Amino acid sequence: MSKKILNGSVIRDKNDKTIIVLVKRKYVHPFFGKVMTSSKKYYVHDKKNKFKIGDMVEIIESKPYSKTKRWEVINK
């Protein structure tokens, strides 16, 4: 099984080697047919503290780094 890859923007970078990424997705509601927007925050491992607030990043599933951190940044 391949690992999931998501795109999002950095909304917080204060923790050491950790960023919080907001991933938004759009989908059509199954009954009403409206286009809905949902968002989710992911705690992401940033090994070199390279990314800052507002950066667009690509993240991939990885091994658990901590209790909540299960994703890491793909270097561009």
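The values are calculated or read from the model by the stated rules, or taken from the named source; none is laboratory data. Everything numeric here is computed off the predicted structure, so don't read it as measured data. Glycine gets a Cβ as well: all are built from the backbone with ideal geometry, and neighbour counts include every protein chain shown. The area values use the complete protein model at the heavy-atom level, side chains included, leaving out ligands, DNA and RNA. Shrake-Rupley method; radii C 1.70, N 1.55, O 1.52, S 1.80 Å.
Total residues in region 22-49 satisfying the condition of being over 17 Å from Asn7 (Cβ atoms) and open to solvent by 90 Å² or more (accessible area, probe 1.4 Å): the figure is 8. Looking only at residues of region 62-76 that are closer than 15 Å to Val10 by Cβ and in a loop (DSSP other than H, G, I, E, B), we find that the one that is least open to solvent (accessible area, probe 1.4 Å) is Lys69. Somewhere in region 5-16, is a residue open to solvent by 90 Å² or more (accessible area, probe 1.4 Å), outside any loop (DSSP other than H, G, I, E, B) and in contact (Cβ under 8 Å) with a residue 60 or more places away in the chain? Scanning region 5-16, I find at least one residue that is open to solvent by 90 Å² or more (accessible area, probe 1.4 Å), outside any loop (DSSP other than H, G, I, E, B) and in contact (Cβ under 8 Å) with a residue 60 or more places away in the chain, so the answer is yes.
So which residues in region 37-61 are charged (D, E, K, R) and either touching a residue at least 40 places away in the same chain (Cβ under 8 Å) or in a loop (DSSP other than H, G, I, E, B) (or both), if there are any at all?
Passing the criteria: Asp46, Lys47, Lys48, Lys50, Lys52, Asp55, Glu58, Glu61.
For region 50-59, residues that are open to solvent by 100 Å² or more (accessible area, probe 1.4 Å), more than 19 Å from Arg25 (Cβ to Cβ) and not basic (Lys, Arg) total 1.
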